[in-house]
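Colleague: Quick one: the structure is below, questions incoming.
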Amino acid sequence: MQALRMTWDFVEGNPFSSSTGNFTGQIEYFTKVIDVACSAFVGGNAEHADAQSQAISTNKVISTDPPYYDNVPYADLSDFFYVWLRRSLRPVLPALFATLAVPKSEELVAFAYRHKGKAEAEAFFLNGMTQAMRKLVSQSHPGFPVTIYYAFRQSEKEGDGGAASTGWETFLAAVIDAGFSISGTWPARTEYTSHLKTTRSALASSIVLVCRPRAADAPTATRREFVSALKAELPDALRHLQAGNIAPVDLAQAAIGPGMAVFTRYAKVLDAEGKPLPVREALALINQTLDEALAEQEGDFDADSRWALAWFDQNGFAEGEYGVAETLSKAKNTSVGGMVEAGILESKRGKVRLLKPEELPEDWNPATDARLTTWETVHHLVRVLDAGEAAAADLVAKLGSKAEPARDLAYRLYNLCERKKRAAEALAYNALVQSWPEIMRLAQEVASTQPSQAELF
């Protein structure tokens, strides 16, 4: 993490320990690096240059990881190490260590305290990033796309139009103004999540934007045409992302790529007044279309689960009026009494509430459940996942093909919790999806060890 914590993990671990931090392990790390470096057939070099004026990238294949708006103060953090490196390396690299501290005024980040306020900091970031991206547009190798890593997570509500992000908005505006179009996105597992996924909804991926110079003859579109193209293309892109098991916490950010691919295929998108549609509004429309696409997936769930989703959206696990629940059940073609029998609902004294995962019975067996629902499946999986992925895999093995819709419902539930600021519930659904590949792998192992029907008889 980009933070100076009081508790550090040093590479100089206990040399006599049995863990990977021992002396032998450290030697193996170094030898692996040397083996790879020495086996390369071409040399490499590193240069220190301003991204806004450099010529290093001329006719090169470019992959870059730019600063994330106001997310990490790299120059400030570097001061901690710079003062010690300068004492030892200034004679070797005098130009690099000429200043007493790390230079900060030219760093392409949007920190208000380095300027006269937030607006000036944002303008500095936008202008500088646009100039840096223009260099990449003009210098990159014409036969290859430019790939840009970005892992910034920040959402701001934008009225009825959906959610937008200042970090994404400003960065994407710079990429587009520089003359790039976004031809694709690759969610890449770059973040360490072994502990984070069980403690908070941390980003699990970086989003790699695949960019090419925008065609000189790119057409102009209306806002209506842009929205129509989004609704036609984004649902398929969403299913593709879900099939790749991208974490729910990353889904909204990853979906920006396919959405911006639509937006940037046009030279301009014009609103009803004939003015160019700003990136902020385009992002809001993309997020709105994503919400609609996720909502459409509800049609694949059983009636009880569709009712539970609608109720959860309004009430979470809190109590609500029986009359409201009964009216909603008629609309969803189910009944309150039936859902009580199904084991997902409690109804008494004129109040109704969904059962929390920890309230579900520990001896639940899907094979004997006469009214099995996807909602029930998800929350039993959330319950047993606390005991580990192996426990969840045992349950998935019993569910068989009926387990697969659970992941889709977990995506939808995370989306609802994120919008309603229900962090605890969101964490549980995000953890379930992130653990899904391992759960399925373990479930297949469990299934392979169970006797077949022929062996039973």
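The values are calculated or read from the model by the stated rules, or taken from the named source; none is laboratory data. Owing to the predicted nature of the structure, the values given are computational and were not obtained by experimental measurement. Quick reminder, even Gly has a Cβ in these numbers, built from the backbone with ideal geometry, and neighbours come from all protein chains shown.
Colleague: Starting from the range 431-442, take each residue that is not assigned by TED's automatic domain parsing to the domain that holds Ala403 and list its partners that are surrounded by fewer than 24 Cβ atoms within 10 Å (Cβ to Cβ) and at pLDDT 90 or above, counting only C-beta distances under 6 angstrom and pairs at least six apart or across chains.
Modeller: none
Colleague: Give me a count of the residues in the range 293-321 that are closer than 19 Å to Lys421 by Cα and in a helix (DSSP H, G or I).
Modeller: Number of matching residues: 10.
Colleague: Same structure again: Of all residues in the range 102-120 being of a type in the set (A, V, I, L, M, F, W, C) and within 23 Å of Gln54 (Cβ to Cβ), which is surrounded by the most Cβ atoms within 10 Å (Cβ to Cβ)?
Modeller: Result: Ala110.
Colleague: While we're here: What residue, of Arg239, Arg212, Arg224, is over 18 Å from Ala267 (Cα atoms) and either assigned to a helix (DSSP H, G or I) or in the same structural domain as Leu290 (by TED's automatic domain parsing) (or both)?
Modeller: Arg239
Colleague: Out of Val382, Val433, Val446, Val378, report the one residue that is in a helix (DSSP H, G or I) and either more than 16 Å from Pro248 (Cβ to Cβ) or in contact with a Ser or Thr (Cβ under 6 Å, 6 or more places away or on another chain) (or both).
Modeller: Exactly one of Val382, Val433, Val446, Val378 is in a helix (DSSP H, G or I) and either more than 16 Å from Pro248 (Cβ to Cβ) or in contact with a Ser or Thr (Cβ under 6 Å, 6 or more places away or on another chain) (or both), namely Val446.
Colleague: Out of the residues in the range 430-447 meeting the condition of being under 20 Å from Leu409 (Cβ atoms) and of a type in the set (S, T, N, Q), tell me which one is surrounded by the fewest Cβ atoms within 10 Å (Cβ to Cβ).
Modeller: Taking the candidates together, the pick is Ser435.
Colleague: I've got another one for you. Are there any pairs, at least 6 apart or on different chains, whose C-beta atoms fall under 9 Å, with the first in the range 39-58 and closer than 22 Å to Ser138 by Cα and the second loosely packed, with under 10 Cβ neighbours inside 10 Å and modelled with pLDDT under 75, and if so, which?
Modeller: Taking only residues 6 or more apart or on different chains, not a single pair turns up.
Colleague: Quick check on this structure: which one of Ala55, Ala37, Ala51 is at pLDDT 70 or above, in the same structural domain as Tyr113 (by TED's automatic domain parsing) and over 31 Å from the mean Cα position of the chain (by Cα)?
Modeller: None of the other options fit; the residue is Ala55.
Colleague: Further question: Kindly establish whether Arg349 is more than 30 Å from Asp217 (Cβ to Cβ), assigned by TED's automatic domain parsing to the domain that holds Glu425 and within 26 Å of the chain's Cα centre (by Cα).
Modeller: The answer is no for Arg349.
Colleague: A further question follows. Restricted to the range 251-291, and to residues that are over 22 Å from Arg214 (Cβ atoms) and over 18 Å from the mean Cα position of the chain (by Cα), which residue is surrounded by the fewest Cβ atoms within 10 Å (Cβ to Cβ)?
Modeller: Within the range 251-291, the match that is surrounded by the fewest Cβ atoms within 10 Å (Cβ to Cβ) is Glu273.
Colleague: Moving on to the next point. For Val352, which of the numbered conditions (1) in a loop (DSSP other than H, G, I, E, B); (2) touching a strand residue (DSSP E or B) at 6+ places or on another chain (Cβ under 8 Å); (3) hydrophobic (A, V, I, L, M, F, W, C) fails to hold?
Modeller: (1)
Colleague: If Gly299 meets every condition in (1) closer than 25 Å to Asp236 by Cα; (2) modelled with pLDDT of 90 or more apart from one, which number is that one?
Modeller: Evaluating Gly299 over (1) closer than 25 Å to Asp236 by Cα; (2) modelled with pLDDT of 90 or more leaves (2) as the failure.
So that you can scan it fast, the table gives a plain yes or no per residue for (1) surrounded by fewer than 16 Cβ atoms within 10 Å (Cβ to Cβ); (2) modelled with pLDDT of 90 or more; (3) over 19 Å from Ala431 (Cα atoms); (4) of a type in the set (Ser, Thr, Tyr):
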{"site": "Trp311", "(1), (2), (3), (4)": "no, yes, yes, no"}
{"site": "Lys330", "(1), (2), (3), (4)": "yes, no, yes, no"}
{"site": "Glu376", "(1), (2), (3), (4)": "no, yes, no, no"}
{"site": "Val382", "(1), (2), (3), (4)": "no, yes, no, no"}
{"site": "Leu395", "(1), (2), (3), (4)": "no, yes, no, no"}
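Colleague: Within the range 127-136, does at least one residue satisfy the condition of being touching a strand residue (DSSP E or B) at 6+ places or on another chain (Cβ under 6 Å), under 19 Å from Ala174 (Cα atoms) and in a helix (DSSP H, G or I)?
Modeller: Scanning the range 127-136 turns up at least one residue that is touching a strand residue (DSSP E or B) at 6+ places or on another chain (Cβ under 6 Å), under 19 Å from Ala174 (Cα atoms) and in a helix (DSSP H, G or I).
Colleague: Okay, moving on. Can you list residue pairs whose Cβ atoms sit under 8 Å apart, with the first residue in the range 77-100 being surrounded by 10 or more Cβ atoms within 10 Å (Cβ to Cβ) and the second being among the β-branched types (Val, Ile, Thr) and assigned to a loop (DSSP other than H, G, I, E, B)? Count only pairs 6 or more apart in sequence or on different chains.
Modeller: Sorted first by the residue in the range 77-100, then by its partner, the pairs are Ser78/Val102; Asp79/Val102; Tyr82/Val102.
Colleague: Would you confirm whether or not the range 366-375 contains a residue that is in a helix (DSSP H, G or I), under 27 Å from the mean Cα position of the chain (by Cα) and not assigned by TED's automatic domain parsing to the domain that holds Leu241?
Modeller: Looking through the range 366-375, at least one residue is in a helix (DSSP H, G or I), under 27 Å from the mean Cα position of the chain (by Cα) and not assigned by TED's automatic domain parsing to the domain that holds Leu241.
Colleague: Separate question: Return a yes/no flag: does the range 362-371 have any residue that is surrounded by 14 or more Cβ atoms within 10 Å (Cβ to Cβ) and aliphatic (A, V, I, L, M).
Modeller: no
Colleague: Report yes if Ser17 is farther than 22 Å from Leu209 by Cα and at pLDDT 65 or above, otherwise no.
Modeller: Judged against the criteria, Ser17 is a match.
Colleague: I'd like to verify a number: residues in the range 217-272 that are charged (D, E, K, R) and in contact with a helix residue (DSSP H, G or I) (Cβ under 7 Å, 6 or more places away or on another chain), how many?
Modeller: 3
Colleague: Testing Asp70 on (1) surrounded by 14 or more Cβ atoms within 10 Å (Cβ to Cβ); (2) at pLDDT below 90; (3) over 31 Å from the mean Cα position of the chain (by Cα), one condition comes back false. Which one is that?
Modeller: The one condition Asp70 does not meet is (3).
Colleague: What's the number of the condition Asp363 fails, among (1) in the same structural domain as Ala406 (by TED's automatic domain parsing); (2) part of a helix (DSSP H, G or I)?
Modeller: Unmet condition: (2).
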